[in-house]
Amino acid sequence: MFKAMGHRLQELMILFFLAIFSKAAEGLKPCRAIVAPDAANNNYCLSWRLAVEANNVRGWWTVPARCLHYVEAYMVGGQYDRDIDLITEQILSYVSGIVLSGDGMDAWILDVDDTCLSNIFYYKGKRYGCDPYDPAAFKAWVLKERCTAIPAVFRLFQVLVESGFKVFIVTGRDQTLGQATIHNLHNQGFIGYERLFLR
């Protein structure tokens, strides 16, 4: 019983870390090196990011303006891609050790936004989170169906489906975005999942 609980806890931790590091875009080429003006500012932004990821910053609505270049450098300078690749490698290693029960009940859950599909181009226009969240603008973005697959997560998805997992995809997007989400997933190669759950 404790062994099974340990495995479930490990699965939850892997999914948690995948959710944290999932905003890379396929085909996004690293741009020129972006360097924060000073080390003190960079250190502040690194500390702020860690505190947010550890859920120790409550009630924040935007990225601090002084961290714009720090977040931009992280997202498009290659480090985010390396983080995603590392986490996905760990998940794939874990998956390779799972023996499926064969009863059709083995399942995996993936999220849409910034897990399967990247919104990096939307966030670029919103100054990487320095501008407040705009529900109408985000809905208009989703309806364009331009979200790109996150390459490492797409590879994970393919392995899961080929291995026999039933893959369920969840999203905080509401029902009005269902058809656009299904089309976008399909156009990016996410074919063979069991079901999409919308808010």
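State the volume of the convex hull built on the alpha-carbon positions of the range 153-199, expressed per residue in Å³ and rounded to an integer.
Spread over its residues, the Cα hull of the range 153-199 gives 63 Å³ apiece.
Express the accessible area of the range 40-176 per residue in Å², computed with a 1.4 Å probe while the remaining protein chains stay in the model.
Counting only protein heavy atoms, the per-residue value for the range 40-176 is 52 Å².
Using a Förster distance of 25 Å, how high is the FRET efficiency between residue 179 and residue 137, based on the Cβ-Cβ distance and rounded to 0.05?
In this case the efficiency is close to 0.80.
For residue 167, enumerate residues with amide H under 5 Å from its amide H, sequence gap 5+ or separate chain, H modeled in the peptide plane.
Excluding prolines and chain starts, which carry no amide H, the hits are 108, 194.
For residue 41 and residue 124 in the same chain, what is the full-extension length gain: residue separation times 0.36 nm, less their Cα-Cα distance, in nm?
Working it through step by step, the gained length comes to 27.8 nm.
On the full set of protein chains, 1.4 Å probe, figure out the accessible area of residue 155 and give it in Å² to the nearest 10.
Per-residue accessible area (residue 155): approximately 110 Å².
The values are calculated or read from the model by the stated rules, or taken from the named source; none is laboratory data. Quantities reported herein were computed from a predicted structural model and do not represent experimental measurements. Don't worry about glycine lacking a Cβ; one is built from the backbone with ideal geometry, like all the others, and counts go over all protein chains shown. These area figures cover heavy atoms from the full protein model, side chains too; ligands, DNA and RNA do not enter into them. Shrake-Rupley method; radii C 1.70, N 1.55, O 1.52, S 1.80 Å.
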